[in-house]
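J.: Here it is: the structure, laid out below.
The values are calculated or read from the model by the stated rules, or taken from the named source; none is laboratory data. It should be emphasised that the depicted structure is a prediction, and the values quoted were computed from it without experimental measurement. As a convention, Cβ positions derive from the backbone with ideal geometry for all residues, glycine included, and neighbour counts pool all protein chains shown.
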RNA sequence: GCUCGAGUGGCGGAAUUGGUAGACGCGCUGGAUUCAAAAUCCAGUUUCUUCGGAAGUGCGGGUUCGAUUCCCGCCUCGAGUACCA
């Protein structure tokens, strides 16, 4: 009987499902282990071979841990709210819930074929009301909480109210909005309940704030930053305007320091931690206030002496280098800075306003892209230096960003390159305040070891001392204080979309009210269309039933809002990261209707031991999830501070795109080509750089080759460095070159007949008439991201069908290190497939050709040979080590070596093959189950114990020593391992081969490392 | 620009408390089997070579008996981030 993988795999997949083999229990004597994959968004395109890579790795690890005696939680689910389903709904009118359901079905079928050991009884879907009920509940908890910086934790808002009513808000060190005003206990108690609510909102961990969104009037929708290209919408190219909207925000910035510090506790890659550190962007420095010296006529005179740091009488700046304060020669404000219009002098008014208008026109992106050109305008106003009391000119310049710090900087040209460039450009003074620093060419940015000079009381001090001293002196003057700044902004939590979690919020007189827990979930309403309303409100505004009746606690028609118990509901929905920020905990207790996770379940499973997923979530999902975990921990709902202990980012599997082309020689005569005169060849062709041949007689370089798509025609632009030359362009592809990889065979030939039958051919070439397919075509390949639009997608279903899931699993691992990006090449899969066939043969007898007939299962109970046991134990050792190190590619190699050796030894003994079955089970579970049952075991191989490595089988008595001369290995010698250094040296030197390398002279030195190497220096 | 990572055969890759560079697989070449093909099996496959050998892990130095591995300086590619004061 041959290796019939289709039959075997279907059989065991059914067995696992029927027997609930992978169902995890929340109570067990065994130690727990939680392995989690980042759950997928079920897209309409289905899975390609790149998607399961991480799932296979985590599945191998989960199965391995089960063999090692752990109670393993290995669940899977769907991040099923999201944009694509909504966009599809806008186009087709199909309800996102329907398309999502269909997509999930397809995903499940595909996943099941690969043989994962998921506990599907714990499946979660973020778009499921039973699930998002708890997402809404967490939102309410955030609303009911504030952040106490004193205790460094989130606390109940009721505790804050108590503090306010007993001592006011002066002593409270809370994370809050910038505009809170001080009030006493008496004042608080005198507040109306509405005033109280207004003030509390400024402290809540989720709060309403005016924030800007990208609004596209033509599309009638809000766009994300990456949907905007050069200031216009990516789709359609319509203008986008910044529009202020009241939106929910999350006070994640309150957690900045903890999110930063706790990174040190995590077993994540350094690069990932680094990008979170950068994202949090901590900088330690000082807030300094420069009093304004002169307002223009008619305005109030500057209050230079007594202006408090928070007052409006000065310009507040944040600096990380207060030690360089004596180097300040000017100040720069962002053009948007609110003080600009107040302080500019009448003489400068025109110029300043023109500059503001000009920079407002430039998009953020433009401003950032254009780093080189230096622009700015003098406002005419001056500030007073806190120490020297000298006037400091105030400029505006768009190198200062309104969104960071205070939107203003104290310019120290000797110490900051941007200030330096600005000063040089506008001929502003530069004072050198560093000892022994040359600032004639560029700014000096050294810190450690720098000695400050020319700086009054800071002169002679080192960087660190000067820093402290400067802050101290500023504090004395009341013009500054030490301050730590974070780049991390509060996260906008509202989306003007349909397919997301509705907020459990209704509004009474404009103040938000939470719907009580017992009335959750607040389900998404039906709408007729998924676009914003004509008045520009979010899609939920299209619903006729979207108001809350506080009397019956139910959703009612919004036409009835004039009734005194009926109030409008929030129209926004939550962002994609809401549901994914806490899903790991729901898997622990997925069907609990009372709490989002029971204390017992959470305390048993704690948090995720191993998390595998893509690195694209480095600063989104992974940061938000840490934030919510910390919050829920603070409020006593969780016992852990972090969601994911260990994290591995799997690398992307790339596709090998195929380009088919017909070879035609075309000569283009270019008489006048200059850089300013791109040559245009207006024929529908494609060309790639590789196929350009230069005319060697002319000394020219092909500078650049541009291909642009204009009205479905490919236009070649050739830019040459010299103006007079003849370019010979060969090998022009005479039709759009991208070909679906599935029509290319392993020898890079176009499968012409199949290709002509394909939908791909018909849609692309059906109407074209300028080429003939019957001629010879060439195929070139290029490695790119795997994507439907590049026609390089390989479907795992096809691989399972043709080679089996076990082959797919092992091949994906064999491709290369898990964390590395690597190209997929279906041609290479035969190596792994042949290995499994060889493995199959080990367990089956091979009848001699004369006998004929089928192979049959034949494993002997005789004792195995010494060599076979050695091979087995070598393999146990290496494979176990490799799994622990997530080096799955090398463990597949090890299996291959093992099977090659056992085949050569004609090994068919149970003593070896039974442990081998368990060893390979995590990688190729179906074939392992088949062997396991044929070996006479009942039940699944999953329950088998992992084989134990025994040193004794590997003990050697001799070593094949490499003998090197000057470090170069020349030959080897088999010598006993217990031979002494001296004996080894003597034996080696006496060898004939050594003598030929030594010529006449004796060796200068002989290094003998017993058990390793002999090196002779000549 | 900054941060992180990586450069090894035709290709994917292996080897790091410094100790036989190229494991394993693909591809390729030759052979066996076959009417033939597929499948399978065997042998070879870093480069150069006067067939004795010699060189070789992006480049240039250094440390060492010995460097893919450690140190210094560069180059290239990839990922992330971007005027962060």
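J.: With the requirement that a residue be in contact (Cβ under 8 Å) with a residue 24 or more places away in the chain, in a loop (DSSP other than H, G, I, E, B) and closer than 19 Å to residue A:511 by Cβ, what does the range A:171-197 give you?
T.: Just the residues of the range A:171-197 that are in contact (Cβ under 8 Å) with a residue 24 or more places away in the chain, to begin with: A:172-177, A:188-189, A:194, A:196-197.
With the extra rule that they be in a loop (DSSP other than H, G, I, E, B), the set shrinks to A:172-173, A:175-177.
A:176, A:177, listed by residue number.
J.: Separate question: Scan the range A:958-968 for residues that are surrounded by fewer than 17 Cβ atoms within 10 Å (Cβ to Cβ) and more than 16 Å from residue A:992 (Cα to Cα) and jot them down.
T.: Going through the range A:958-968, the residues surrounded by fewer than 17 Cβ atoms within 10 Å (Cβ to Cβ) turn out to be A:958, A:960, A:962, A:966-968.
A:958, A:960, A:966, A:967, A:968, listed by residue number.
J.: For the range A:519-540, which residues satisfy the criterion of being at pLDDT 90 or above and within 19 Å of residue A:508 (Cβ to Cβ)?
T.: A:519, A:522, A:540, listed by residue number.
J.: In the range A:896-913, what residues are over 19 Å from residue A:861 (Cα atoms) and away from RNA strand B (no atom under 11 Å from the Cβ)?
T.: Hits for the range A:896-913: nothing passes.
J.: Moving on to the next point. Residue A:518 is checked against (1) surrounded by fewer than 23 Cβ atoms within 10 Å (Cβ to Cβ); (2) not in a helix (DSSP H, G or I) and fails just one. What number does that condition carry?
T.: Every listed condition holds for residue A:518 apart from (2).
J.: Out of all the residues in the range A:239-267, which are in a loop (DSSP other than H, G, I, E, B) and at pLDDT 75 or above? If you could, list the steps in order and put the result at the bottom.
T.: At the first step, the residues of the range A:239-267 found to be in a loop (DSSP other than H, G, I, E, B) are A:240, A:251, A:266.
Correct list: A:251, A:266.
J.: Test residue A:893 against the stated conditions and say whether it is part of a helix (DSSP H, G or I), within 9 Å of RNA strand B (Cβ to nearest atom) and more than 23 Å from residue A:818 (Cα to Cα).
T.: Working: part of a helix (DSSP H, G or I): yes; within 9 Å of RNA strand B (Cβ to nearest atom): yes; more than 23 Å from residue A:818 (Cα to Cα): no.
So residue A:893 fails the test.
J.: Exactly one condition in (1) at pLDDT 85 or above; (2) away from RNA strand B (no atom under 15 Å from the Cβ); (3) in a loop (DSSP other than H, G, I, E, B) is false for residue A:335; which is it?
T.: Failing condition for residue A:335: (2).
J.: May I ask you to verify whether residue A:346 is crowded, with 20+ Cβ neighbours inside 10 Å, more than 34 Å from the chain's Cα centre (by Cα) and modelled with pLDDT of 85 or more? Lay out the reasoning, then the answer.
T.: Numbers: crowded, with 20+ Cβ neighbours inside 10 Å: no; more than 34 Å from the chain's Cα centre (by Cα): yes; modelled with pLDDT of 85 or more: yes.
Considered against the rule, which asks whether it is crowded, with 20+ Cβ neighbours inside 10 Å, more than 34 Å from the chain's Cα centre (by Cα) and modelled with pLDDT of 85 or more, residue A:346 comes out as no.
J.: Of the residues A:878, A:822, A:838, A:874, only one is within 21 Å of residue A:6 (Cα to Cα) and within 13 Å of RNA strand B (Cβ to nearest atom); which?
T.: Working: A:878 fails: within 21 Å of residue A:6 (Cα to Cα); A:822 fails: within 21 Å of residue A:6 (Cα to Cα); A:874 fails: within 21 Å of residue A:6 (Cα to Cα).
Going through A:878, A:822, A:838, A:874 in turn, the sole match is A:838.
J.: Okay, moving on. When you look at residue A:24, is it out of contact with any strand residue (DSSP E or B) (no Cβ under 9 Å at 6 or more places or on another chain), touching a residue at least 24 places away in the same chain (Cβ under 8 Å) and farther than 21 Å from residue A:812 by Cα, yes or no? Talk me through it step by step, then tell me what you get.
T.: Numbers: out of contact with any strand residue (DSSP E or B) (no Cβ under 9 Å at 6 or more places or on another chain): no; touching a residue at least 24 places away in the same chain (Cβ under 8 Å): yes; farther than 21 Å from residue A:812 by Cα: yes.
When the stated conditions are applied, residue A:24 does not pass them.
J.: Can you pull out the residues in the range A:144-186 that are touching a strand residue (DSSP E or B) at 6+ places or on another chain (Cβ under 9 Å) and farther than 23 Å from residue A:512 by Cα?
T.: Once the filter is applied, which keeps residues that are touching a strand residue (DSSP E or B) at 6+ places or on another chain (Cβ under 9 Å) and farther than 23 Å from residue A:512 by Cα, the range A:144-186 yields A:149, A:150, A:153, A:172, A:173.
J.: Applying the selection to the range A:78-100, what residues are part of a loop (DSSP other than H, G, I, E, B) and more than 14 Å from residue A:500 (Cβ to Cβ)? Steps first, please.
T.: Step one: list which residues in the range A:78-100 are part of a loop (DSSP other than H, G, I, E, B), which gives A:79-82, A:93-95.
Hits for the range A:78-100 are A:93, A:94, A:95.
J.: Among the numbered conditions (1) out of contact with any strand residue (DSSP E or B) (no Cβ under 9 Å at 6 or more places or on another chain); (2) without any contact (Cβ under 8 Å) to a residue 24 or more places away in the chain; (3) surrounded by 15 or more Cβ atoms within 10 Å (Cβ to Cβ), tell me where residue A:541 comes up short.
T.: Of everything listed in (1) out of contact with any strand residue (DSSP E or B) (no Cβ under 9 Å at 6 or more places or on another chain); (2) without any contact (Cβ under 8 Å) to a residue 24 or more places away in the chain; (3) surrounded by 15 or more Cβ atoms within 10 Å (Cβ to Cβ), residue A:541 misses just condition (2).
J.: Given the condition within 16 Å of RNA strand B (Cβ to nearest atom), closer than 30 Å to residue A:264 by Cβ and touching a residue at least 60 places away in the same chain (Cβ under 8 Å), answer yes or no: does some residue in the range A:627-642 qualify? Steps first, answer last, please.
T.: Filtering the range A:627-642 down to residues within 16 Å of RNA strand B (Cβ to nearest atom) leaves none.
Within the range A:627-642, not a single residue is within 16 Å of RNA strand B (Cβ to nearest atom), closer than 30 Å to residue A:264 by Cβ and touching a residue at least 60 places away in the same chain (Cβ under 8 Å).
J.: Counting only residues that are farther than 19 Å from residue A:829 by Cα and in contact with a helix residue (DSSP H, G or I) (Cβ under 7 Å, 6 or more places away or on another chain), how many does the range A:43-58 have?
T.: Number satisfying all stated conditions: 4.
J.: Here is a follow-up. All but one of (1) at pLDDT below 85; (2) within 15 Å of RNA strand B (Cβ to nearest atom); (3) out of contact with any strand residue (DSSP E or B) (no Cβ under 7 Å at 6 or more places or on another chain) hold for residue A:855, so report the exception by its number.
T.: (3)
J.: Shifting gears a bit: Condition first: over 35 Å from the mean Cα position of the chain (by Cα), farther than 30 Å from residue A:84 by Cβ and modelled with pLDDT of 90 or more. Can you find one or more residues in the range A:33-52 that meet it?
T.: To start, the set of residues in the range A:33-52 that are over 35 Å from the mean Cα position of the chain (by Cα) comprises none.
The answer is no, given that none of the residues of the range A:33-52 is over 35 Å from the mean Cα position of the chain (by Cα), farther than 30 Å from residue A:84 by Cβ and modelled with pLDDT of 90 or more.
J.: What residue, of A:955, A:948, A:942, is closer than 30 Å to residue A:813 by Cβ, exposed (fewer than 14 other Cβ atoms within 10 Å of the Cβ) and within 49 Å of the chain's Cα centre (by Cα)?
T.: Working: A:955 fails: closer than 30 Å to residue A:813 by Cβ; A:942 fails: exposed (fewer than 14 other Cβ atoms within 10 Å of the Cβ).
Of the residues listed, the single one that is closer than 30 Å to residue A:813 by Cβ, exposed (fewer than 14 other Cβ atoms within 10 Å of the Cβ) and within 49 Å of the chain's Cα centre (by Cα) is A:948.
J.: So residue A:130 ticks every box in (1) surrounded by 18 or more Cβ atoms within 10 Å (Cβ to Cβ); (2) part of a helix (DSSP H, G or I); (3) in contact (Cβ under 8 Å) with a residue 60 or more places away in the chain but one. Which box is left unticked?
T.: (1)
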